[in-house]
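*Asks:* Just passing along the structure, written as C-alpha coordinates.
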Amino acid sequence: MSDTSKTAKKDGVVESQATVAPADDPTAAAVQVVDPRLLVREEGLKGYWTEFKRKVKGGEIGSLPVVIGLIVIWTIFQLKNDRFLSAENLSNISFYLSATGMIAIGLVFVLLLGEIDLSVASVSGLASTLFAVFVVNHGVNVWLALLLTIVIGIGIGSLHGWFFAKLGVPAFVVTLAGFLGWNGLMLWLLGSTGTINIPDTGPVHLLGQRSFFMDQAIIGAYLLAGLGVVSLLAGSLIEQRRRKAAGVPYRTNAEIALRVGALAVAAFVAAYVLNSASGVSNALVIFLACLVIVDFVLRRTTFGRKVFAVGGGIEAARRAGINVPLIRIAVFAIAGAFAAIGGMFFAGQTQSASLTSGGGNTLMLAIAAAVIGGTSLFGGRGTVWSALLGMLVIQSIQTGLDLLNMNTSIQYMITGAVLLGAVVIDSVSRKSQKAAGRA
(Lines give C-alpha, C1' and ligand atoms only; values in the text may rest on other atoms or scores of the structure.)
Protein backbone atom coordinates (compact mmCIF):
# COMPACT_ATOMS: atom_id res chain seq x y z
CA MET A 1 0.00 0.00 0.00
CA SER A 2 1.39 3.41 -0.92
CA ASP A 3 0.32 6.76 0.35
CA THR A 4 1.09 10.42 -0.04
CA SER A 5 0.24 13.13 2.44
CA LYS A 6 -0.01 16.88 2.46
CA THR A 7 -1.12 19.71 4.67
CA ALA A 8 -2.89 22.89 3.79
CA LYS A 9 -4.60 25.80 5.52
CA LYS A 10 -8.25 26.61 5.07
CA ASP A 11 -10.24 29.12 7.14
CA GLY A 12 -7.58 29.10 9.83
CA VAL A 13 -7.59 25.31 10.22
CA VAL A 14 -4.62 23.16 9.32
CA GLU A 15 -5.88 20.32 7.15
CA SER A 16 -4.12 16.97 7.16
CA GLN A 17 -4.98 14.80 4.17
CA ALA A 18 -3.62 11.48 3.00
CA THR A 19 -4.11 9.70 -0.31
CA VAL A 20 -4.08 5.92 0.07
CA ALA A 21 -3.94 3.34 -2.73
CA PRO A 22 -5.07 -0.24 -1.83
CA ALA A 23 -2.15 -2.71 -1.97
CA ASP A 24 -4.22 -5.54 -3.46
CA ASP A 25 -5.39 -3.47 -6.43
CA PRO A 26 -2.71 -1.08 -7.73
CA THR A 27 -5.00 0.07 -10.55
CA ALA A 28 -7.72 1.20 -8.15
CA ALA A 29 -8.33 4.88 -7.61
CA ALA A 30 -6.67 6.39 -4.58
CA VAL A 31 -8.89 7.11 -1.60
CA GLN A 32 -8.52 10.48 0.09
CA VAL A 33 -8.59 10.29 3.90
CA VAL A 34 -9.39 13.47 5.81
CA ASP A 35 -9.15 13.98 9.54
CA PRO A 36 -12.81 13.81 10.72
CA ARG A 37 -12.24 16.73 13.09
CA LEU A 38 -11.66 18.95 10.05
CA LEU A 39 -14.96 17.90 8.52
CA VAL A 40 -16.73 18.76 11.76
CA ARG A 41 -15.39 22.31 11.68
CA GLU A 42 -16.11 22.79 8.00
CA GLU A 43 -19.75 21.75 8.39
CA GLY A 44 -20.43 24.06 11.33
CA LEU A 45 -23.23 23.16 13.74
CA LYS A 46 -24.33 20.30 11.50
CA GLY A 47 -20.87 18.81 11.72
CA TYR A 48 -20.81 19.00 15.51
CA TRP A 49 -24.24 17.37 15.70
CA THR A 50 -23.04 14.56 13.41
CA GLU A 51 -19.92 14.10 15.53
CA PHE A 52 -22.04 14.04 18.71
CA LYS A 53 -24.26 11.27 17.30
CA ARG A 54 -21.20 9.31 16.21
CA LYS A 55 -19.72 9.47 19.70
CA VAL A 56 -22.98 8.42 21.35
CA LYS A 57 -23.30 5.42 19.02
CA GLY A 58 -19.69 4.52 19.74
CA GLY A 59 -20.22 4.63 23.52
CA GLU A 60 -18.36 7.92 24.06
CA ILE A 61 -21.14 9.55 26.10
CA GLY A 62 -18.97 11.29 28.70
CA SER A 63 -20.95 13.17 31.33
CA LEU A 64 -24.16 13.29 29.28
CA PRO A 65 -26.12 10.76 31.43
CA VAL A 66 -25.34 12.49 34.72
CA VAL A 67 -26.22 15.93 33.31
CA ILE A 68 -29.55 14.62 32.01
CA GLY A 69 -30.12 12.86 35.34
CA LEU A 70 -29.39 16.05 37.27
CA ILE A 71 -31.89 17.99 35.16
CA VAL A 72 -34.54 15.32 35.76
CA ILE A 73 -33.86 15.28 39.52
CA TRP A 74 -34.06 19.05 39.81
CA THR A 75 -37.26 19.17 37.75
CA ILE A 76 -39.00 16.51 39.85
CA PHE A 77 -38.08 18.06 43.19
CA GLN A 78 -39.01 21.56 42.00
CA LEU A 79 -42.43 20.29 40.95
CA LYS A 80 -42.85 18.62 44.35
CA ASN A 81 -41.59 21.62 46.34
CA ASP A 82 -41.10 25.07 44.82
CA ARG A 83 -38.41 25.88 47.40
CA PHE A 84 -35.99 23.36 45.93
CA LEU A 85 -34.48 25.75 43.36
CA SER A 86 -34.55 28.68 45.76
CA ALA A 87 -31.29 30.53 46.36
CA GLU A 88 -31.10 29.36 49.97
CA ASN A 89 -31.53 25.68 49.10
CA LEU A 90 -29.03 25.81 46.22
CA SER A 91 -26.59 27.50 48.61
CA ASN A 92 -27.04 24.61 51.06
CA ILE A 93 -26.35 22.09 48.28
CA SER A 94 -23.16 23.89 47.24
CA PHE A 95 -21.94 24.11 50.84
CA TYR A 96 -22.52 20.54 51.99
CA LEU A 97 -21.25 18.78 48.85
CA SER A 98 -17.69 20.02 49.32
CA ALA A 99 -16.54 17.75 52.16
CA THR A 100 -17.53 14.43 50.60
CA GLY A 101 -16.55 15.86 47.22
CA MET A 102 -12.95 16.33 48.39
CA ILE A 103 -12.80 12.66 49.39
CA ALA A 104 -14.29 11.73 46.02
CA ILE A 105 -11.46 13.57 44.19
CA GLY A 106 -8.93 11.20 45.75
CA LEU A 107 -11.12 8.22 44.92
CA VAL A 108 -11.18 9.25 41.26
CA PHE A 109 -7.41 8.64 41.10
CA VAL A 110 -7.81 5.19 42.65
CA LEU A 111 -10.71 4.27 40.36
CA LEU A 112 -8.66 5.32 37.33
CA LEU A 113 -6.34 2.44 38.26
CA GLY A 114 -9.32 0.10 38.39
CA GLU A 115 -8.90 -0.28 42.17
CA ILE A 116 -10.84 0.79 45.27
CA ASP A 117 -9.96 2.46 48.57
CA LEU A 118 -12.31 1.59 51.43
CA SER A 119 -10.30 3.48 54.05
CA VAL A 120 -10.88 7.08 52.95
CA ALA A 121 -13.84 7.75 55.26
CA SER A 122 -11.97 6.43 58.30
CA VAL A 123 -8.88 8.43 57.30
CA SER A 124 -11.01 11.58 57.07
CA GLY A 125 -12.42 10.96 60.55
CA LEU A 126 -8.95 10.27 61.94
CA ALA A 127 -7.65 13.46 60.30
CA SER A 128 -10.26 15.65 61.97
CA THR A 129 -9.51 13.95 65.30
CA LEU A 130 -5.76 14.39 64.94
CA PHE A 131 -6.21 18.07 64.14
CA ALA A 132 -8.38 18.55 67.22
CA VAL A 133 -5.91 16.64 69.43
CA PHE A 134 -2.95 18.66 68.11
CA VAL A 135 -4.65 22.02 68.61
CA VAL A 136 -6.74 21.50 71.74
CA ASN A 137 -4.76 18.91 73.74
CA HIS A 138 -1.23 19.91 72.77
CA GLY A 139 -1.55 23.59 71.81
CA VAL A 140 -0.01 23.20 68.35
CA ASN A 141 -0.37 26.15 65.99
CA VAL A 142 -3.51 25.65 63.85
CA TRP A 143 -1.67 25.99 60.52
CA LEU A 144 1.06 23.60 61.58
CA ALA A 145 -1.56 21.16 62.86
CA LEU A 146 -3.34 21.35 59.50
CA LEU A 147 -0.10 20.64 57.63
CA LEU A 148 0.79 17.74 59.93
CA THR A 149 -2.66 16.24 59.49
CA ILE A 150 -2.46 16.31 55.69
CA VAL A 151 1.07 14.85 55.77
CA ILE A 152 -0.19 12.02 57.97
CA GLY A 153 -2.99 11.42 55.46
CA ILE A 154 -0.38 11.17 52.70
CA GLY A 155 1.64 8.75 54.82
CA ILE A 156 -1.37 6.53 55.48
CA GLY A 157 -2.24 6.42 51.79
CA SER A 158 1.38 5.65 50.89
CA LEU A 159 1.37 2.79 53.39
CA HIS A 160 -1.73 1.31 51.76
CA GLY A 161 -0.16 1.74 48.34
CA TRP A 162 3.07 0.06 49.47
CA PHE A 163 1.26 -3.05 50.69
CA PHE A 164 -0.67 -3.16 47.42
CA ALA A 165 2.10 -2.30 44.95
CA LYS A 166 5.12 -3.94 46.59
CA LEU A 167 3.69 -6.94 48.47
CA GLY A 168 0.82 -7.68 46.11
CA VAL A 169 -1.89 -7.55 48.79
CA PRO A 170 -5.23 -6.76 47.08
CA ALA A 171 -6.20 -3.11 47.51
CA PHE A 172 -9.64 -4.19 48.72
CA VAL A 173 -8.12 -6.10 51.65
CA VAL A 174 -5.49 -3.47 52.51
CA THR A 175 -7.94 -0.59 52.59
CA LEU A 176 -10.61 -2.65 54.37
CA ALA A 177 -8.05 -3.28 57.12
CA GLY A 178 -7.33 0.46 57.08
CA PHE A 179 -11.04 1.22 57.34
CA LEU A 180 -11.22 -0.79 60.57
CA GLY A 181 -7.82 0.11 62.00
CA TRP A 182 -7.90 3.88 61.48
CA ASN A 183 -11.45 4.06 62.77
CA GLY A 184 -10.33 2.24 65.92
CA LEU A 185 -7.42 4.67 66.36
CA MET A 186 -9.82 7.60 66.03
CA LEU A 187 -12.08 6.19 68.76
CA TRP A 188 -9.05 5.65 71.03
CA LEU A 189 -7.84 9.23 70.54
CA LEU A 190 -11.26 10.70 71.29
CA GLY A 191 -11.37 8.82 74.59
CA SER A 192 -14.36 8.68 76.90
CA THR A 193 -15.71 12.11 75.99
CA GLY A 194 -16.15 11.16 72.35
CA THR A 195 -16.02 14.78 71.17
CA ILE A 196 -13.37 17.51 70.93
CA ASN A 197 -14.56 21.02 70.05
CA ILE A 198 -12.34 22.95 67.66
CA PRO A 199 -11.53 26.63 68.40
CA ASP A 200 -13.42 29.14 66.26
CA THR A 201 -10.23 30.51 64.72
CA GLY A 202 -7.87 29.37 62.00
CA PRO A 203 -8.25 27.66 58.63
CA VAL A 204 -10.65 24.91 59.69
CA HIS A 205 -13.00 27.48 61.20
CA LEU A 206 -12.97 29.36 57.87
CA LEU A 207 -14.11 26.18 56.11
CA GLY A 208 -17.34 26.44 58.07
CA GLN A 209 -17.99 30.00 56.89
CA ARG A 210 -20.82 30.29 54.39
CA SER A 211 -19.50 33.43 52.69
CA PHE A 212 -16.28 33.91 50.73
CA PHE A 213 -14.53 37.23 51.49
CA MET A 214 -16.78 37.58 54.54
CA ASP A 215 -18.46 41.00 54.34
CA GLN A 216 -17.54 41.31 50.65
CA ALA A 217 -19.33 38.09 49.68
CA ILE A 218 -21.12 39.60 46.69
CA ILE A 219 -17.90 41.00 45.21
CA GLY A 220 -16.13 37.72 45.90
CA ALA A 221 -18.70 35.64 44.03
CA TYR A 222 -18.54 37.74 40.88
CA LEU A 223 -14.77 37.97 41.13
CA LEU A 224 -14.52 34.18 41.17
CA ALA A 225 -16.91 33.88 38.23
CA GLY A 226 -14.86 36.37 36.23
CA LEU A 227 -11.62 34.61 37.14
CA GLY A 228 -12.99 31.30 35.89
CA VAL A 229 -14.11 32.81 32.58
CA VAL A 230 -10.80 34.61 31.99
CA SER A 231 -8.85 31.45 32.84
CA LEU A 232 -10.79 29.39 30.30
CA LEU A 233 -10.34 32.06 27.63
CA ALA A 234 -6.61 32.33 28.25
CA GLY A 235 -6.15 28.56 28.36
CA SER A 236 -8.13 28.07 25.15
CA LEU A 237 -6.15 30.71 23.25
CA ILE A 238 -2.83 29.26 24.46
CA GLU A 239 -3.88 25.77 23.40
CA GLN A 240 -5.09 27.08 20.03
CA ARG A 241 -1.73 28.75 19.37
CA ARG A 242 0.20 25.67 20.47
CA ARG A 243 -1.80 23.31 18.28
CA LYS A 244 -1.66 25.72 15.35
CA ALA A 245 2.13 25.85 15.62
CA ALA A 246 2.25 22.05 15.73
CA GLY A 247 0.14 21.79 12.56
CA VAL A 248 -2.71 19.82 14.13
CA PRO A 249 -6.46 20.61 14.24
CA TYR A 250 -7.41 23.34 16.71
CA ARG A 251 -10.53 25.12 17.92
CA THR A 252 -11.58 28.13 15.89
CA ASN A 253 -12.19 31.54 17.47
CA ALA A 254 -15.95 31.06 17.08
CA GLU A 255 -15.85 27.76 18.95
CA ILE A 256 -13.74 29.27 21.74
CA ALA A 257 -16.13 32.20 22.02
CA LEU A 258 -19.09 29.81 22.30
CA ARG A 259 -17.44 27.75 25.05
CA VAL A 260 -16.32 30.82 27.02
CA GLY A 261 -19.74 32.43 26.62
CA ALA A 262 -21.50 29.33 27.93
CA LEU A 263 -19.22 29.25 30.98
CA ALA A 264 -19.73 32.97 31.57
CA VAL A 265 -23.51 32.57 31.60
CA ALA A 266 -23.37 29.59 33.95
CA ALA A 267 -20.78 31.16 36.29
CA PHE A 268 -22.43 34.54 36.67
CA VAL A 269 -25.91 33.06 37.05
CA ALA A 270 -24.55 30.78 39.79
CA ALA A 271 -22.85 33.77 41.46
CA TYR A 272 -26.09 35.75 41.33
CA VAL A 273 -28.12 32.90 42.82
CA LEU A 274 -25.64 32.21 45.62
CA ASN A 275 -25.36 35.93 46.39
CA SER A 276 -29.12 35.98 46.83
CA ALA A 277 -28.55 33.67 49.81
CA SER A 278 -25.30 33.77 51.80
CA GLY A 279 -22.76 33.97 48.98
CA VAL A 280 -20.12 31.47 47.87
CA SER A 281 -18.76 29.41 50.76
CA ASN A 282 -15.03 29.10 51.43
CA ALA A 283 -15.38 25.32 51.23
CA LEU A 284 -16.86 25.51 47.72
CA VAL A 285 -14.13 27.88 46.54
CA ILE A 286 -11.36 25.55 47.75
CA PHE A 287 -13.17 22.52 46.31
CA LEU A 288 -13.45 24.12 42.87
CA ALA A 289 -9.83 25.27 43.00
CA CYS A 290 -8.72 21.72 43.79
CA LEU A 291 -10.78 20.41 40.87
CA VAL A 292 -9.08 22.81 38.46
CA ILE A 293 -5.58 21.98 39.73
CA VAL A 294 -6.12 18.21 39.76
CA ASP A 295 -7.75 18.29 36.33
CA PHE A 296 -4.65 20.03 35.00
CA VAL A 297 -2.41 17.40 36.63
CA LEU A 298 -4.37 14.52 35.12
CA ARG A 299 -4.78 15.92 31.62
CA ARG A 300 -1.66 18.02 31.11
CA THR A 301 1.19 16.34 32.96
CA THR A 302 3.29 13.23 32.45
CA PHE A 303 2.14 11.88 35.80
CA GLY A 304 -1.50 12.15 34.77
CA ARG A 305 -0.89 10.33 31.51
CA LYS A 306 0.92 7.58 33.42
CA VAL A 307 -2.07 7.15 35.74
CA PHE A 308 -4.38 6.66 32.76
CA ALA A 309 -1.87 4.33 31.14
CA VAL A 310 -1.60 2.09 34.21
CA GLY A 311 -5.38 2.04 34.54
CA GLY A 312 -5.79 1.19 30.87
CA GLY A 313 -3.38 -1.76 30.93
CA ILE A 314 -0.72 -2.65 33.48
CA GLU A 315 1.42 -4.79 31.18
CA ALA A 316 1.35 -2.23 28.38
CA ALA A 317 2.28 0.51 30.84
CA ARG A 318 5.16 -1.57 32.20
CA ARG A 319 6.51 -2.24 28.70
CA ALA A 320 6.30 1.48 27.99
CA GLY A 321 8.79 2.05 30.80
CA ILE A 322 6.35 3.29 33.44
CA ASN A 323 7.22 2.52 37.06
CA VAL A 324 3.87 0.88 37.88
CA PRO A 325 4.49 0.35 41.65
CA LEU A 326 5.51 3.99 42.08
CA ILE A 327 2.38 5.23 40.29
CA ARG A 328 0.19 2.99 42.45
CA ILE A 329 1.79 4.21 45.68
CA ALA A 330 1.49 7.84 44.53
CA VAL A 331 -2.20 7.41 43.68
CA PHE A 332 -3.05 5.94 47.08
CA ALA A 333 -1.02 8.73 48.72
CA ILE A 334 -3.14 11.28 46.84
CA ALA A 335 -6.30 9.51 48.01
CA GLY A 336 -5.05 9.71 51.61
CA ALA A 337 -4.28 13.41 51.24
CA PHE A 338 -7.72 14.27 49.92
CA ALA A 339 -9.34 12.09 52.58
CA ALA A 340 -7.51 14.13 55.24
CA ILE A 341 -8.56 17.39 53.58
CA GLY A 342 -12.14 16.14 53.43
CA GLY A 343 -11.92 15.44 57.16
CA MET A 344 -10.93 19.07 57.71
CA PHE A 345 -14.00 20.14 55.75
CA PHE A 346 -16.26 18.00 57.93
CA ALA A 347 -14.59 19.42 61.05
CA GLY A 348 -15.19 22.93 59.73
CA GLN A 349 -18.88 22.23 59.19
CA THR A 350 -19.41 20.85 62.71
CA GLN A 351 -16.59 22.77 64.47
CA SER A 352 -15.67 19.54 66.24
CA ALA A 353 -14.25 16.03 65.96
CA SER A 354 -16.55 13.31 67.23
CA LEU A 355 -17.33 9.61 67.15
CA THR A 356 -19.40 10.15 64.00
CA SER A 357 -16.53 11.75 62.03
CA GLY A 358 -16.02 9.80 58.82
CA GLY A 359 -18.78 7.40 59.79
CA GLY A 360 -22.27 6.72 58.53
CA ASN A 361 -22.57 6.60 54.78
CA THR A 362 -19.59 8.88 54.03
CA LEU A 363 -17.57 6.16 52.29
CA MET A 364 -20.44 4.94 50.16
CA LEU A 365 -21.42 8.46 49.13
CA ALA A 366 -17.83 9.33 48.16
CA ILE A 367 -17.53 6.22 45.99
CA ALA A 368 -20.99 6.78 44.55
CA ALA A 369 -20.14 10.41 43.69
CA ALA A 370 -17.08 9.41 41.66
CA VAL A 371 -18.91 6.62 39.82
CA ILE A 372 -22.18 8.47 39.26
CA GLY A 373 -20.18 11.42 37.91
CA GLY A 374 -18.73 9.25 35.16
CA THR A 375 -15.48 7.68 36.41
CA SER A 376 -15.32 4.06 35.29
CA LEU A 377 -15.03 1.28 37.85
CA PHE A 378 -13.02 -0.66 35.27
CA GLY A 379 -10.17 1.85 35.25
CA GLY A 380 -8.54 4.02 32.60
CA ARG A 381 -11.45 6.37 32.02
CA GLY A 382 -12.79 9.29 34.00
CA THR A 383 -12.30 12.88 35.09
CA VAL A 384 -12.04 14.66 38.43
CA TRP A 385 -15.06 16.76 37.47
CA SER A 386 -17.09 13.61 38.06
CA ALA A 387 -16.60 14.30 41.78
CA LEU A 388 -18.50 17.57 41.35
CA LEU A 389 -21.22 16.17 39.10
CA GLY A 390 -21.73 13.09 41.25
CA MET A 391 -21.93 15.11 44.46
CA LEU A 392 -24.42 17.48 42.84
CA VAL A 393 -26.65 14.50 42.11
CA ILE A 394 -26.27 12.96 45.59
CA GLN A 395 -26.62 16.21 47.52
CA SER A 396 -29.61 17.21 45.40
CA ILE A 397 -31.31 13.92 46.26
CA GLN A 398 -30.54 14.35 49.96
CA THR A 399 -31.72 17.95 50.11
CA GLY A 400 -34.81 17.30 47.98
CA LEU A 401 -35.93 14.40 50.15
CA ASP A 402 -35.32 16.47 53.28
CA LEU A 403 -37.61 19.18 51.89
CA LEU A 404 -40.27 16.51 51.28
CA ASN A 405 -39.78 15.16 54.83
CA MET A 406 -39.02 11.67 53.54
CA ASN A 407 -37.26 8.99 55.54
CA THR A 408 -33.51 8.39 55.21
CA SER A 409 -34.27 4.87 53.98
CA ILE A 410 -35.84 6.35 50.83
CA GLN A 411 -32.67 8.39 50.27
CA TYR A 412 -30.51 5.27 50.49
CA MET A 413 -32.70 3.35 48.06
CA ILE A 414 -32.77 6.17 45.51
CA THR A 415 -29.02 6.78 45.76
CA GLY A 416 -28.40 3.05 45.36
CA ALA A 417 -30.60 2.92 42.28
CA VAL A 418 -28.79 5.91 40.75
CA LEU A 419 -25.41 4.27 41.48
CA LEU A 420 -26.50 1.01 39.86
CA GLY A 421 -27.75 2.94 36.85
CA ALA A 422 -24.40 4.71 36.50
CA VAL A 423 -22.49 1.41 36.57
CA VAL A 424 -24.87 -0.15 34.04
CA ILE A 425 -24.40 2.82 31.71
CA ASP A 426 -20.63 2.52 32.12
CA SER A 427 -20.72 -1.19 31.27
CA VAL A 428 -22.94 -0.67 28.23
CA SER A 429 -20.72 2.21 27.10
CA ARG A 430 -17.60 0.05 27.27
CA LYS A 431 -19.28 -2.68 25.23
CA SER A 432 -20.34 -0.11 22.64
CA GLN A 433 -16.80 1.22 22.44
CA LYS A 434 -15.41 -2.28 21.93
CA ALA A 435 -17.94 -2.95 19.21
CA ALA A 436 -16.97 0.31 17.52
CA GLY A 437 -13.25 -0.47 17.89
CA ARG A 438 -12.67 2.44 20.29
CA ALA A 439 -11.99 0.59 23.57
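The values are calculated or read from the model by the stated rules, or taken from the named source; none is laboratory data. Here the structure is a predicted model, which is why all the values come from computation and not from measurement. Here the Cβ is made from the backbone with ideal geometry for all residues, glycine too, and neighbour counts use every protein chain on show. Calculation scope for accessible area: heavy atoms of the full protein, side chains included, ligands and nucleic acids excluded. Shrake-Rupley method; radii C 1.70, N 1.55, O 1.52, S 1.80 Å.
*Asks:* Which value, in Å² and to the nearest 10, is the accessible area of VAL67 when all protein chains are kept and the probe is 1.4 Å?
*Replies:* 70
*Asks:* Right, something else. Can you tell me the accessible area per residue over segment 263-384, all protein chains present, probe 1.4 angstrom, in square angstrom?
*Replies:* 39
*Asks:* Next up: Tally up the carbon and sulfur contribution to the accessible surface of segment 74-164 as a whole percent, 1.4 Å probe, everything protein left in place.
*Replies:* 68
*Asks:* Please state the shape class of segment 116-237: rounded when a/c is under 1.5, otherwise prolate if a/b exceeds b/c and oblate if not, all from the C-alpha gyration tensor.
*Replies:* oblate
*Asks:* Under a point spin-label approximation (7 Å from Cα along Cα-to-Cβ), what is the SER409-VAL173 distance to one decimal in nm?
*Replies:* About 3.7 nm, to one decimal.
*Asks:* State the extension gain, in nm to one decimal, for the chain segment bounded by VAL269 and PHE303, taking 0.36 nm per residue of separation less the distance between their alpha-carbons.
*Replies:* Full extension of this stretch gives 8.7 nm more.
*Asks:* Which distance in Å, rounded to a whole number, links the C-alpha centroids of segment 63-92 and segment 241-273?
*Replies:* 26
*Asks:* Percent relative contact order of segment 354-402, based on C-alpha pairs within less than 8 angstrom and at least six residues apart?
*Replies:* 33
*Asks:* First compute the accessible area of segment 240-331 with a 1.4 Å probe, then give the percent of it belonging to carbon and sulfur atoms.
*Replies:* Here carbon and sulfur together make up 65 percent of the probe-accessible area.
*Asks:* Answer rounded, prolate or oblate for segment 188-343, using the Cα gyration tensor with square roots of eigenvalues a ≥ b ≥ c: rounded when a/c is under 1.5, else prolate when a/b is larger than b/c, else oblate.
*Replies:* oblate
*Asks:* Right, another one. Using r as the Cβ-Cβ distance of ILE76 and VAL230, and R0 as 60 Å, what FRET efficiency do you calculate, to the nearest 0.05?
*Replies:* With a Förster radius of 60 Å, E is 0.95.
*Asks:* While we're here: Label ALA262 and VAL428 with points 7 Å out from Cα along Cα→Cβ: what is the distance between them in nm?
*Replies:* The modelled label-to-label distance comes out at 2.3 nm.
*Asks:* Only Cα pairs under 8 Å and at least 6 apart count here; give the relative contact order of segment 221-324 as a rounded whole percent.
*Replies:* 23
*Asks:* Right, something else. Which length gain, in nm to one decimal place, applies between ASP295 and ASN137 when the Cα-Cα distance is subtracted from 0.36 nm times their residue separation?
*Replies:* That pair, ASP295 and ASN137, stretches by 53.1 nm at full extension.
*Asks:* Gain in length, LEU144 to LEU206, computed as 0.36 nm per residue apart minus the alpha-carbon separation, to one decimal in nm?
*Replies:* 20.8 nm is the gain from fully extending LEU144 to LEU206.
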